[in-house]
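Structure first, commentary second.
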Amino acid sequence: MSNRIHKSRIPIKPSSALFPEAKEALIKAKNELKSGINRKEFGNNRGAYDGDGSPLPQLSAGCEYREFDIGRSSDPKPGRGNKRFVIEFHPSSRQVKEVYFTENHYLKFSFFRIV
């Protein structure tokens, strides 16, 4: 067993349900990826050491997870927001495969798949 959650187990949220700041951030994130701007890679390994497993599914072949903070918060890391998009991205083709959103990525099972 891979300790990876299956995509079908992640709740879905329509992009129309995102708050305005998140909608703007998602457009910016997609544009940056498609234009070749490199962003921080999301490791997808939270809980790997205590048996919790990763918060997101196994990546498709050749893809990477890239993370984008939305807004800012002083908690838990100064200068970083808890609200975040994690985008499954194929760097060679610059194609966005999946978009995941969380309002608090430090909470277990907090991600939604954006459609």
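Key figures for this structure:
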read-out	value
Boolean, Leu26 is in a loop (DSSP other than H, G, I, E, B) and either under 14 Å from Val99 (Cα atoms) or at pLDDT 90 or above (or both)	no
Counted residues, the range 33-87 - those being at pLDDT 80 or above and either among the hydrophobic types (A, V, I, L, M, F, W, C) or at positive phi (or both)	14
Subset of the range 81-103 [surrounded by fewer than 19 Cβ atoms within 10 Å (Cβ to Cβ) and among the β-branched types (Val, Ile, Thr)]	Val96
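The values are calculated or read from the model by the stated rules, or taken from the named source; none is laboratory data. From a predicted model like this one, the values you see are computed outputs, not experimental measurements. Heads up, the Cβs are rebuilt from the backbone with ideal geometry, glycines too, and the neighbour counts pull from every protein chain shown.
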